[in-house]
Amino acid sequence: MRTLTMKPSSRHQRGLVLVLALVVLAAMSLAAVGLMRGVLGSNRVAGNLAYQQAAVQAADVGAETAIAWLEQLTAETVPGTTADAPAMNANRQYANLEKAKGATYNYVATRSDPGPNQTWEGFWQVLANAGQVNTLPVDATGNQVSFVIHRLCAFPGEPKNAVCETAPAQATPTTSGMRDGDKVDALGQTYYRITVRVQGPRNATSFIQVMAAI
C-alpha cells in the first residue's frame with residue numbers, strides 16, 4: 001500500500017506569507033504613528049516649558065521695574081519749610097498716583113483684592129478700567145508685561161494711621177535720657193504687593209505676585 005503525501009501548493013504558501021507581511025506592516029505603521037505622536041508631544045511640552053520660562057523671566061523684569069521705582073519714590077524729598085531746615089520726605093506714596101497726572105507709573109495706596117468667585121483675569125480688567133495698570137513695551141520674545149502696585153494699607157496716609165501691613169520693627173537702643181536697656185521701637189517697613197501679568201506670544205496668560213518691604 002502506498003501512502004500519498006499532500007504538499008501545500010506554492011500558491012497557498014505565498015498567500016500565507018502575504019498575510020503575515022501585511023500584519024507586520026500594520027504593526028510597524030502603528031508603532032511609527034505612536035512614535036511620531038510621542039515626539040510631537042515631547043516637542044510640544046518642551047515648547048510650552050520654554051514659553052513658561054520666558055514668561056517668568058519677563059515677569060521678573062516687571063517686578064524689578066516696580067521695586068526700583070518704589071525705592072526711588074519713597075526716597076524722594078522736598079525742601080524744608082525754611083532755608084536752614086533740612087529736606088523732608090515727600091511721602092508721595094501715601095496717596096494714589098497716576099501717570100495721567102505726571103507720575104512715572106500708576107500706583108494704588110490702598111489694598112484691593114478680587115471679589116468672591118472673581119478670577120484674577122476678571123479683576124485685572126477692573127484695575128485696567130480704573131487706570132491702575134502699567135504696561136511695558138513688548139519684549140524681544142513677544143511677551144507683553146503689565147503690573148499693578150498696591151500698598152497693603154486699609155486707608156491712604158501715614159502707615160501708623162492707615163492700618164498697613166508692615167515688616168517687624170527693629171528695636172533700637174538709645175542713651176539720651178534713658179536707662180540702660182531702654183529701647184525705642186522704630187516703625188517697620190511697609191509691604192507693597194506687585195502683581196505682574198504676562199501675555200505670551202501664544203496668548204497664554206501668567207500672573208506672578210511679589211511682596212516687597214520698603
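The figures follow:
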read-out: Label point distance in nm, Q57-A128, each placed 7 Å from Cα along Cα→Cβ; value: 2.5
read-out: Stretch gain in nm, segment A27-S112, where the contour uses 0.36 nm per residue and the Cα spacing is subtracted; value: 24.6 nm
read-out: Stretch gain in nm, segment T166-T77, where the contour uses 0.36 nm per residue and the Cα spacing is subtracted; value: 29.9 nm
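Any read-out appearing in this document is the output of simple, stated calculations on the displayed coordinates, not a laboratory observation. Just so we're clear, the structure is a prediction, and the values are computed from it rather than from any experiment. Note: ideal-geometry Cβ built from the backbone for every residue, glycine included; neighbour counts use all protein chains shown.
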